[in-house]
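Each remark here refers to the structure printed beneath this line.
The values are calculated or read from the model by the stated rules, or taken from the named source; none is laboratory data. These numbers come from a predicted model, not from an experiment. FYI the Cβ positions are ideal-geometry reconstructions off the backbone, even for glycines, and counts take in every protein chain you see.
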Amino acid sequence: MTGEHPIPVLPAIGATVLTAAALYFGSGIFAPVAVSLFLIAILWPLQKALESRIPRLIALLLTLAATVVVLFSFGWMISWGLGMVGRWLVANLGRFYALYAQTGEWLDGHGIFLTEQLGDRFNVFSLVRTFQDIAWRITGLVGFSLWVLIFTMLGLLEVGDFKRKLQSLNRHMNTERMLEATQNISRKFRKYLLVRTFASILTGLVVWGFAWALDIELAAAWGVIAFALNYIPVLGPLIATVLPTLFTAAQFESWQMAVYVFLGLNVIQFIIGSYLEPRFSGSALAISPFIVVLAVFFWTFLWGIPGAFIGVPVTIAMLSACELNPSTRWIATLLSGPSHDKL
């Protein structure tokens, strides 16, 4: 038909697959760069404010020092919480064995003969190996964090010059639109981190209070873990719910208590994550829940733990870029979520 232009579907799919492959195999470079760009967008207002009062290099050093303190404190809290849980696990292996035997007897008594099959694939020491694997991954993030800090330092030095270079380009390059998109994405990044931090602090406090009220051991550790993992959408709250449930079952040697704790933690996560957080973020960060889940799993597959953290901000950046172009605005409209501007 005249007037219609066929959409090059196959080239687009091919380009997408090649891009995903490049991001996957080049994760050692692309992942720290992506996280550093996110940090630069967060830190630039602080850096700019300091530069107006003190020399540029001193402002940069102060900004990086503040960043290192925050990241170190965050890492220390995670290590402390996981360390407490790991030591409790080793000291109470007998409880897990008793719970395992009790569960096997209950299943056999109800005609569900899975004890042998489960025994071949699972034992209590698998939990110990899981925590060892988590500790190994956290250790591996130290080198990743160093690369992120290096890229962030270099990027903060270049932000002002980069903006001036863009403004000096030919107007046919749509530099104003590029600057507008960059500033818009930076504002959304800062709002995203602010809302996520508020939700994480609230989640950690409520989980700690809930565990303390039920006399669950390691209440403070579960609060810290819930706070830290809440920065990873979907996967973080899931882990922060399942782990305390398993340990509660071992502590009380009762699946009924574990179910009660599991339901209570899910209610907490639902109220904060699905009700309060969207209303504080508003329409600016409204993304379809399906797209959020897809983004977390997709970027986790590509980049591991850093991908789980940066997946949603990357999606926010992509949708923000689509909003500014009339030919792609429909993509942002379709993938956006419900607006929650009013409290």
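Of all residues in segment 38-60, none that is among the charged types (D, E, K, R) and buried (at least 17 other Cβ atoms within 10 Å of the Cβ) has its Cβ atom under 7 Å from the Cβ atom of a residue that is at pLDDT 90 or above and part of a helix (DSSP H, G or I), 6 or more apart or on another chain.
Out of curiosity, is F210 crowded, with 19+ Cβ neighbours inside 10 Å and among the aromatic types (F, W, Y)? Judged against the criteria, F210 is a match. Considering the conditions (1) more than 24 Å from F96 (Cα to Cα); (2) touching a helix residue (DSSP H, G or I) at 6+ places or on another chain (Cβ under 9 Å); (3) at pLDDT below 85, K191 is excluded by exactly one of them, (3). Restricting the first member to segment 126-153 and to residues that are at pLDDT 65 or above and part of a helix (DSSP H, G or I), and the second to residues that are polar (S, T, N, Q) and surrounded by 11 or more Cβ atoms within 10 Å (Cβ to Cβ), the beta-carbon pairs closer than 6 Å and six or more apart or on different chains are V148/S36; F151/S36; T152/S36.
For segment 273-285, filtered to residues that are crowded, with 17+ Cβ neighbours inside 10 Å and among the hydrophobic types (A, V, I, L, M, F, W, C), the residue that is modelled with the lowest pLDDT is L285. Pairing residues of segment 243-259 that are within 18 Å of G223 (Cβ to Cβ) and of a type in the set (S, T, Y) with residues that are at pLDDT 90 or above and buried (at least 22 other Cβ atoms within 10 Å of the Cβ), at Cβ distances under 6 Å and at least 6 apart in sequence or on separate chains, gives T245/V261; T248/V261. Among the residues of segment 227-261, which ones are under 30 Å from L194 (Cβ atoms) and surrounded by fewer than 18 Cβ atoms within 10 Å (Cβ to Cβ)? Answer for segment 227-261, where residues must be under 30 Å from L194 (Cβ atoms) and surrounded by fewer than 18 Cβ atoms within 10 Å (Cβ to Cβ): Y231, L235, L238, I239, V242. Restricting the first member to segment 177-198 and to residues that are part of a helix (DSSP H, G or I), and the second to residues that are polar (S, T, N, Q) and surrounded by 15 or more Cβ atoms within 10 Å (Cβ to Cβ), the beta-carbon pairs closer than 7 Å and six or more apart or on different chains are A181/S320; N184/S320; I185/S320; K188/S320; K191/S281; V195/S281.
Remark: pairs (first residue in segment 302-322, touching a residue at least 40 places away in the same chain (Cβ under 8 Å) and over 13 Å from L235 (Cβ atoms); second residue hydrophobic (A, V, I, L, M, F, W, C) and outside any helix (DSSP H, G or I); Cβ separation under 8 Å; 6+ apart in sequence or on different chains) = I316/I287. Consider segment 70-83 and keep the residues that are farther than 11 Å from V224 by Cα and of a type in the set (A, V, I, L, M). The one that is surrounded by the fewest Cβ atoms within 10 Å (Cβ to Cβ) is V70. In this structure, is F290 over 26 Å from A181 (Cβ atoms), of a type outside the set (S, T, N, Q) and in a helix (DSSP H, G or I)? For F290, the condition - over 26 Å from A181 (Cβ atoms), of a type outside the set (S, T, N, Q) and in a helix (DSSP H, G or I) - is not met.
Test T67 against the criterion of being farther than 30 Å from A258 by Cα, modelled with pLDDT of 85 or more, in contact with a helix residue (DSSP H, G or I) (Cβ under 6 Å, 6 or more places away or on another chain) and part of a helix (DSSP H, G or I), and give yes or no. Spell out the reasoning first.
Values: farther than 30 Å from A258 by Cα: yes; modelled with pLDDT of 85 or more: yes; in contact with a helix residue (DSSP H, G or I) (Cβ under 6 Å, 6 or more places away or on another chain): no; part of a helix (DSSP H, G or I): yes.
In short, no.
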